[in-house]
Amino acid sequence: MMFPEKIQEYLSNKKNSELALIGCRADNSNISYECCEYDIAVLAKNGNGLGNSIVQIGKEKLEFLDFSNYNQNEISLLNMKNVENKTSSLLIPHKDSIRKTDIKRIFLSAGKRRAVDSLFNVSKTSTSKSELNLSLNLKIAAYELIEAILLISEIRPMPIHELNQLRQLEIRKDFIKEAIQLCIECIGIERATRTMINRSLNALKEIFKERYDIGLIESKIEFLVEHGLIADSYYYIGRLVCNHLEKKDYAHQLDYQKLNSLALDLAGDYENIKRSNLIKLYCKNLMKN
Ligand SMILES: [Zn+2]
């Protein structure tokens, strides 16, 4: 069974769109937490989607994610599972119709693109004048490099599970092991405490106050903290905020500097700046591979 009965019932009655289960609940690795929502891709090809939304059914949450410009090469859709409802599945490819070599290629190129992003952000650390901004860019670069490593290993990064995904990763090359270690140090996980998570969470709520999924994010962080997964929640908050900020320009980053600094605990990061060159080196190594 992919879903608890109530959810199955709810979804079977949806008749307007083709649906597929994606995200950690579609993954065969059993990595999901109780707090994880069911991610439902709403597939279409016409480009007129309804946007994302969250629905609560009993204790469970469903998140509908708009894929109205459906593209078969999208990494988050590679392992999707057809949801039986009142539409016929025209868009969901038959299992195994995407070749293994194609999947490898899709992951590899996504990984390399992420290494390029990381290199771009870490290169800013030699030009920026503000200490907090240096630390911010280094942190963004470290998260991006970790994503690059997972993608190149054909693993789709899932923010709340990423530390676990790293723990389970089979690493064949020494430089990858060193790169992960370096990123973890740059992210500052060893500094994680409950007090710090509380402070970061408050700042995150302010930064994300416009987002439709803030309630879901908050409940996931609370779940991690309640279950003593302090390092994971520290990592998760940092990952979400860095992901949000990497798309913002310098002026925006400066405007929200105080909040960003609280959310990401940047004051503790300044010492790490001297490691920028190593991050650069690992990015370049990864791009060559
Ligand atoms: Zn999950």
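Miscellaneous remarks
- Only one entry in K86, K61 is at pLDDT 95 or above and among the basic types (K, R), namely K61.
- Taking the conditions (1) basic (K, R); (2) closer than 17 Å to Y236 by Cβ; (3) free of Cβ contacts under 8 Å to residues at least 60 places away in the same chain in turn, R199 satisfies each one other than (3).
- Residue check for S109: within 16 Å of the ligand (Cβ to nearest atom), of a type in the set (G, A, S), at negative phi and assigned to a helix (DSSP H, G or I): no
- Qualifying residue in segment 231-243 (condition: exposed (fewer than 14 other Cβ atoms within 10 Å of the Cβ) and assigned to a helix (DSSP H, G or I)): no
- Test: residue in segment 91-102 that is away from the ligand (no atom under 16 Å from the Cβ), in contact (Cβ under 8 Å) with a residue 40 or more places away in the chain and not assigned by TED's automatic domain parsing to the domain that holds L151: yes
- Enumeration of residues in segment 226-255 that are under 16 Å from E144 (Cβ atoms) and more than 18 Å from the chain's Cα centre (by Cα): Q253
- Test: residue in segment 29-48 that is away from the ligand (no atom under 16 Å from the Cβ) and under 22 Å from the mean Cα position of the chain (by Cα): yes
- Residue within segment 162-171 that is among the acidic types (D, E), within 16 Å of the ligand (Cβ to nearest atom) and in a helix (DSSP H, G or I) present: yes
- Of all residues in segment 158-176 being free of Cβ contacts under 8 Å to residues at least 24 places away in the same chain and farther than 15 Å from A148 by Cβ, the one that is nearest to the chain's Cα centre (by Cα): R167
- Failed criterion for S17 (all others in (1) within 16 Å of the ligand (Cβ to nearest atom); (2) in contact (Cβ under 8 Å) with a residue 40 or more places away in the chain; (3) surrounded by 17 or more Cβ atoms within 10 Å (Cβ to Cβ) hold): (1)
- Pick from segment 49-69, criterion assigned to a loop (DSSP other than H, G, I, E, B) and within 20 Å of the chain's Cα centre (by Cα), ranking: nearest to the ligand (Cβ to nearest atom): N52
- A179 satisfies every condition listed in (1) in contact (Cβ under 8 Å) with a residue 60 or more places away in the chain; (2) within 16 Å of the ligand (Cβ to nearest atom); (3) assigned to a helix (DSSP H, G or I) except (2).
The values are calculated or read from the model by the stated rules, or taken from the named source; none is laboratory data. All values reported here derive from a predicted model rather than from experimental measurement. With ideal geometry, Cβ positions are generated from the backbone for all residues, glycine too; neighbour counts draw on all protein chains shown.
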